[in-house]
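Written below as structure tokens is the structure these notes are about.
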Amino acid sequence: SENGENFSDAGDSDGLHNLLEFAFGTDPNTPDHADLVIDGSVNGIPIVNADYSGGTVEFNALFTRRDDHGAQGSVTYTPQFSSDLMTWADSEASPTLVADSTDDAAYELVSVPYPFFLPDGKKARYFRVAVTLVP
């Protein structure tokens, strides 16, 4: 990267590579692998949230992303779902803004609906966010 950061080094012993810490707004110098907080007050690793409002349950995959996502020197985010942890399908929905991060002004909290079924007809059981560095 242009700023000299080694994105492949997970030297703070939290198990997250620096690219993911850059992408999700955590500190690459501190062992912090906490889940994000759904009001945007704490950046962290992606979570699934169940909303029980209105007499129904709605599941959403939430993650923190950089405001400059997609720009050169930043990253892209692709929410993905799987039934078996082997085959992954990109989300058919685009992420929507939930809140601006109060933890770090360069980030925002976004959400994608968790699908009940994948395009192959199998039940969606797992969620991840594929992060790619933009050269």
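The values are calculated or read from the model by the stated rules, or taken from the named source; none is laboratory data. Note that this is a predicted model, so its numbers are computed, not measured. Neighbour counts run over all protein chains shown; Cβ positions are idealised from the backbone, glycine included. Just so you know, the surface numbers come from the protein's heavy atoms only, side chains and all, with ligands and any DNA or RNA stripped out. Shrake-Rupley method; radii C 1.70, N 1.55, O 1.52, S 1.80 Å.
P(r) tail for the chain: Cα pairs beyond 23 Å make up 35% of the total.
Around V112, under 15 Å between beta carbons, what's the net of Lys plus Arg minus Asp minus Glu among the other residues?
-3
Excluding ligands, DNA and RNA, the accessible surface per residue across segment 14-96 is 51 Å² with a 1.4 Å probe.
The 3J(HN,Hα) values that the Karplus relation (6.51, -1.76, 1.60; θ = phi - 60°) gives for segment 21-26 are, in residue order, 5, 4, 5, 9, x, 9 Hz. Gly and Pro appear as x. Simple spin-label estimate for A71 and D90 gives 2.3 nm between the two label positions (7 Å along the Cα-to-Cβ direction from each Cα).
Taking L20, L62, L97 in turn, the Gaussian network model of the chain (Cα-Cα springs below 10 Å) assigns the largest fluctuation to L97. If a spin label sat at a point 7 angstrom from the Cα of I38 along the line to its beta carbon, the backbone N atoms of segment 93-114 nearer than 14 Å would be those of 98-99, 110-114.
Other residues whose C-beta falls under 12 angstrom from the C-beta of T96 contribute a net charge of 0, scoring Lys and Arg +1 and Asp and Glu -1. Around the amide H of S74, modelled in the peptide plane, lie the amide H atoms of V134, all under 5 Å away and 5 or more residues distant in sequence or on another chain. Here's how it looks for H69: its modeled amide H is under 5 Å from none belonging to a residue 5 or more places away or on a different chain.
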